[in-house]
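Structure record follows, encoded as structure tokens.
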Amino acid sequence: MISELADRLDRAASTATAIPRLAAAARLDPSGAYDVQRALVERRLARGDRLTGVKMGLTSRAKMAQVGVDEVIWGHLTDGMRIDDGGRVDLTRLIHPRAEPEVAFLLSNSAVEAVAPALEVIDSRFEGFDFSLPDVIADNTSAAGYVVGPWRPAPEGLDNLGVLLEVNGRVVQTGSTAAILGDPRRAFDAAIRLAGGRGVELRDGWIVLAGAATAAVPLNPGDHVRTVIEKLGTASLKVG
Ligand code: OOG
Ligand code: MG
């Protein structure tokens with residue numbers, strides 16, 4: 001059953017076709033949903049993708065409220081999801097993508113080596129971007145792409161930095177890194193703990209996305225999306 005559910009999600013992502021929710025009918029609990037997520041990611045790895053890190057999700061109230069799920073979740077990142085800073089997102093390969101501002105951590109010796117402003121592109125494989133907790137876990141927490149801006153050593157306080165999300169030069173969301181579990185470093189610690197609890201040891205060179213500080217915004221053709229994070233700088237993408 002795990003494998004059949006992973007196949008359904010894998011097909012939805014690779015054909016950019018939304019599917020109905022699947023967790024309730026399959027009686028998936030969060031733990032079973034992480035098994036599906038693992039099987040889904042393994043299909044990507046079998047096609048040549050490499051793991052590049054993990055992402056935390058629903059670490060802020062703004063995100064929990066937007067999707068109606070209020071538990072912290074995590075997913076896998078692979079190199080196939082990487083978008084260069086300033087690079088292009090191909091809308092034809094996605095269903096109903098959204099972008100959100102993130103803080104990225106670079107891992108070395110189980111600790112934070114550097115931080116960067118980042119954008120995540122999320123694209124739920126479920127119709128209407130509508131899901132339960134086990135659905136979104138099984139769907140690799142809607143992961144679809146990520147952009148990392150310039151790395152820098154972590155500044156002293158990371159816990160109250162202003163966050164802007166701009167589309168075509170207009171500010172569409174504002175927030176603070178304080179929205180991320182009070183301090184994005186807590187999301188980093190949670191990533192090590194939660195992934196570790198499922199047998200995934202974070203490796204040197206991996207990145208951790210802390211989870212968005214604001215709600216996500218839909219991507220439209222021609223959009224230029226940029227996040228500006230106080231003290232960290234900017235990361236951007238273009239929608240092609
Ligand atoms: C789930 C993924 C949440 C975040 O940063 O909170 C997430 C979703 O919103 O579809 O990536
Ligand atoms: Mg995110």
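What follows is calculated from the coordinates using simple rules that are stated; it is not laboratory data. Owing to the predicted nature of the structure, the values given are computational and were not obtained by experimental measurement. Note: ideal-geometry Cβ built from the backbone for every residue, glycine included; neighbour counts use all protein chains shown.
Describe numerically, in nm with one decimal, the distance between label points set 7 Å from Cα along Cα→Cβ at MET1 and at ARG152.
5.0
Less than 15 Å Cβ to Cβ from THR214, Lys/Arg counted +1 and Asp/Glu -1: what total charge do the surrounding residues give?
Net charge in that neighbourhood comes out at 0.
Note the angle between two axes, namely the Cα long axis of helix 2-15 and the longest principal axis of the Cα atoms of the chain, as a number of degrees from 0 to 90, rounded to the nearest 10.
Roughly 60 degrees between the two axes.
Over the chain, what is the relative contact order in whole percent, taking alpha-carbon pairs under 8 Å and six or more residues apart?
Rounded, it is 28 percent for the chain.
How big is the stretch 33-163 by Rg and Dmax over its Cα atoms, in Å?
When restricted to Cα atoms, the stretch 33-163 yields Rg and Dmax of 14.9, 42 Å.
Kindly write out, for the stretch 45-51 in residue order, the coupling ³J(HN,Hα) from the Karplus curve 6.51 cos²θ - 1.76 cosθ + 1.60 (θ = phi - 60°), rounded to whole Hz, with x marking Gly and Pro.
Each residue of the stretch 45-51 in turn: 5, 5, 8, x, 5, 10, 6 Hz.
For a quick size check, give me the Cα extents of the chain along its three principal axes, largest first, whole Å.
That gives 47, 40, 34 Å along the principal axes, largest extent first.
Compute the label zone of ARG50 within the stretch 65-90: residues whose backbone N is under 17 Å from the point 7 Å along Cα-to-Cβ.
Under 17 Å, as judged by backbone N against the label point of ARG50, lie 77-84 of the stretch 65-90.
Any idea what the relative contact order of the stretch 107-147 is, in percent, if you count C-alpha pairs under 8 Å spaced at least 6 apart?
Reported as a whole number, the value is 47 percent.
Taking θ as phi - 60°, what are the ³J(HN,Hα) couplings along the stretch 209-223 by the Karplus curve (6.51, -1.76, 1.60), each to the nearest whole Hz, with x for Gly and Pro?
Each residue's phi maps through the Karplus curve to give 8, 7, x, 6, 8, 10, 5, 8, 10, x, 9, 10, x, x, 5 Hz.
Just to confirm the filter: which trypsin sites (Lys or Arg not before Pro) across the stretch 1-98 are DSSP coil and have at most 12 other Cβ within 10 angstrom of their Cβ? Mind dumping the intermediate values first?
Values: sites: ARG8, ARG11, ARG21, ARG27, ARG38, ARG43, ARG44, ARG47, ARG50, LYS55, ARG61, LYS63, ARG82, ARG88, ARG93, ARG98; in loops: ARG21, ARG27, ARG47, ARG50.
Taking the stretch 1-98 and a limit of 12 other Cβ atoms within 10 Å, the loop trypsin sites (Lys or Arg not before Pro) found are ARG27, ARG47, ARG50.
So how do 120-126, 146-152, 199-205 stack up, highest first, on mean other-Cβ count within 10 Å?
The packing order, highest mean first, is 120-126, 146-152, 199-205.
At a Förster distance of 25 Å, what's the computed FRET efficiency of THR17 paired with ARG198, Cβ-Cβ distance as r, to 0.05?
Working: r = 28 Å, r/R0 = 1.13.
Computed FRET efficiency for THR17 and ARG198: 0.35.
Which whole-Hz ³J(HN,Hα) couplings does the stretch 164-174 yield from phi under the Karplus relation 6.51 cos²θ - 1.76 cosθ + 1.60, θ = phi - 60°, glycine and proline marked x?
Once θ is set to phi - 60°, the couplings for the stretch 164-174 become 10, 10, 10, 10, 6, x, 9, 6, 10, 8, 10 Hz.
Simple spin-label model, 7 Å along Cα-to-Cβ: ARG61 to GLU230 in nm?
1.8
For every other residue with a beta carbon closer than 13 angstrom to the beta carbon of ALA18, add +1 if it is Lys or Arg and -1 if Asp or Glu, then tell me the sum. Display every interim value, and only then the final one.
On the way: positive: ARG8, ARG11, ARG21, ARG125; negative: ASP123, GLU127, ASP130, ASP135, ASP139.
Combined, the nearby Lys, Arg, Asp and Glu give -1.
On full extension of the chain, what length is gained from ASP90 through ALA25, given 0.36 nm per residue of separation minus the C-alpha to C-alpha distance?
Length difference between fully extended and current span is 20.2 nm.
Report the calculated FRET efficiency for ASP130 and ASP79 (r = Cβ-Cβ distance, R0 = 51 Å), to the nearest 0.05.
That gives a FRET efficiency of 0.95.
Only counting other Cβ atoms within 10 Å, I'd like LEU209, LEU22, LEU106 sorted with the fewest neighbours first.
Working: LEU209 30, LEU22 23, LEU106 20.
By the 10 Å Cβ count, ascending, the order reads LEU106, LEU22, LEU209.
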